[in-house]
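FYI, it's all coordinate maths here, none of it is from the lab. If you're wondering where the values come from, they're calculated on a predicted model, not measured in any experiment. Here the Cβ positions follow ideal geometry from the backbone for every residue, glycine too, while neighbour counts run over all protein chains shown.
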Ligand SMILES: [Zn+2]
């Protein structure tokens, strides 16, 4: 027993002595509101005051927000990443991303990526096409969260392609600029999906796996850290950023 304890302490010490992992975090948000749409999913909304405090903190820490298109430009040799890049993403396409999140974001001179479920657009509590167009004009990257938000790994190949392709084509034919990024519903992905995404001209896809991203990370398996409704304010937010670091460090070992 004692030996196990000592071994554990030594391993922990080694872990913390390892160099800090490289890479930047991608944060995964959903709603920014005091009142969640579905009270059963309480954890998926960050209250506006908390959100503003999180952006204040990121700014104070010297982070610069970028979009995933910015990231891919650098991957392809055009330009450089800022000193401390960070990507803010919002899944599902809730109306409060326009009415509440965007003004807070712009007050901080920050940008974001918003992933929409195309068959929900225009429904109650969801974004409209006009709002998406306005967001794009204001520098927000719009991405696809598929047509119906079904976990893609549970579908056959044809259905997978439909969910990926239809959402992109719908947005582009509705007058939005090219859609380059996808967020996997429920974070469910596998290597076969990457092939479809490439064929359908997507450049990036985000998962729900915690970690940090570098220019060498597979752009179809980008790591994200989920920002839930905090019970412990900024301390919890800092912990979630730390979690991304922790998992990146673990991946460097294994
Ligand atoms: Zn979702």
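Of note:
- Subtracting the Cα-Cα distance of residue 4 and residue 74 from their residue separation scaled by 0.36 nm leaves 20.6 nm.
- Each DSSP beta bridge with both residues in region 20-253 is either parallel or antiparallel, and the antiparallel ones are about 10%.
- For region 1-118: rounded, prolate or oblate by the Cα gyration tensor [a/c cutoff 1.5]: oblate
- The shape of region 115-187 comes out prolate: with a ≥ b ≥ c from the C-alpha gyration tensor, a/c is at least 1.5 and a/b beats b/c.
- Acute angle (nearest 10 degrees) that the helix 233-253 long axis makes with the longest principal axis of the chain, alpha-carbon atoms: 70 degrees
- Taking a ≥ b ≥ c as the square roots of the eigenvalues of the Cα gyration tensor, region 20-253 is rounded, since a/c falls below 1.5.
- Separation of region 163-211 from region 49-67 is 26 Å, based on Cα centroids.
- Ranking of 166, 38, 70 by count of other Cβ atoms within 10 Å, fewest first: 38, 166, 70
- Estimated FRET transfer efficiency (residue 216, residue 134; beta-carbon r; R0 41 Å; 0.05): 0.70
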